[in-house]
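Chemist: One structure is given below, represented as structure tokens, and several questions about it will come after.
What follows is calculated from the coordinates using simple rules that are stated; it is not laboratory data. Small disclaimer: the values here were computed from a predicted structure and weren't measured. No Cβ is skipped: glycine too gets one built from the backbone with ideal geometry, and neighbour counts run over all protein chains shown.
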């Protein structure tokens, strides 16, 4: 998920949400009917406050009568078979979720106060869950990436696994948030995911939930003179940890760098720009295509302290959003060789808007393009050197992608 943290506030991943995002409805917000009618109104034509002009585009649905909302509300409250189990809060929050879902954009969602708090916790790198990222692929809930050293990874979940059921309940037709609520739970409890991998038959994977603490950057100075930087997310701690990594590189002067972005589902857009600027001295890192044909470019900050180090970037189908921004920029400026498999393909940017009761609206505000103008949504970024990881490689704990990166850097000596 790419996140713009300077617009309205923060967001990230992912197109894409961590499986630890909050579950059930909570809080005490109540919308009284009479109070609600004070702001629900008939509007004969749509008005765009941002554009400052009337929008008469010929759409047949521009005349809206919000009394219809209350007709449905009353009918559900009075006639639903389990009406005594309904709460006004559930109905109201449900209608807001439906409003966001009507955009037909899987990354535009409404989060109630509990969900929004736990989403913020996820970005801080500490949460309870199984430690994986999910997204929608062809309307099927799909693992974008299991996070490093988490129950999801240890249980054998892989990028691209399709989740067809959670504890025996089908996920077909559900939103990402709904599936997340099914998977989330207290630490030390178990959840069973029914997954399909490639053309294989459905398999049940049982996972024990735990507290997940994620350091988004890990490094290693190898004995062969190659420095490895593993970036698992673009979270709150990423910039500071990456700064330490750069200082270590400058001190040790390695023969080359392997930047591992595999199974990195994304995060803050600005963080991706800052990291890319350690290789790229001038020029745009990424361009946003906003509404009303506006365009915004994020330029390199001119540091480029790593520009003279041969670099290989590892990517796969779990590399999404902000990690694709970084990989795409290094590819376009020919600052690195991309090795691995085609990336996920999330080419949109979201921001968070804080709402009056502690809820949050996560809304897609832009599509992004690489410096060369490539819109990667749904198609991803193809590596310069394609190396696939087979099931046998996983089982035997082999990493031919990493081996290829080492091979390429050694040739540059």
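Chemist: Distance from a point 7 Å along Cα→Cβ of residue 164 to each backbone N in the stretch 119-149: keep the residues under 17 Å and list them by number.
Modeler: It comes to 137-143, nothing else.
Chemist: If each of residue 65 and residue 82 carries a label point 7 Å out from its Cα toward its Cβ, how far apart are those two points in nm?
Modeler: Those two pseudo-labels are separated by 3.3 nm.
Chemist: So, one more: Taking 0.36 nm per residue of sequence separation and subtracting the Cα-Cα distance, how much length would be gained by fully extending the chain between residue 188 and residue 374, in nm to one decimal? Can you show the working numbers first?
Modeler: Working: separation 186, 0.36 × 186 = 66.96 nm, distance 4.41 nm.
My answer for the length gained is 62.5 nm.
Chemist: Using r as the Cβ-Cβ distance of residue 102 and residue 301, and R0 as 45 Å, what FRET efficiency do you calculate, to the nearest 0.05? Don't skip to the answer; put the middle values down first.
Modeler: Details: r = 39 Å, r/R0 = 0.86.
It comes out at approximately 0.70.
Chemist: In nanometres, what is the gap between the two model label sites at residue 74 and residue 294, each 7 Å from Cα along Cα-to-Cβ?
Modeler: 4.1 nm
Chemist: Evaluate E = 1/(1 + (r/R0)^6) for residue 282 and residue 95, where r is the Cβ-Cβ distance and R0 equals 35 Å; express this FRET efficiency to the nearest 0.05.
Modeler: On the way: r = 49 Å, r/R0 = 1.39.
Computed FRET efficiency for residue 282 and residue 95: 0.10.
Chemist: Next question. How would you order 378-389, 313-324, 256-267 from highest to lowest mean count of nearby Cβ atoms within 10 Å? Please list the in-between numbers first.
Modeler: Numbers: 378-389: 16.3, 313-324: 30.5, 256-267: 27.9.
Those peptides, ordered most packed to least, come out 313-324, 256-267, 378-389.
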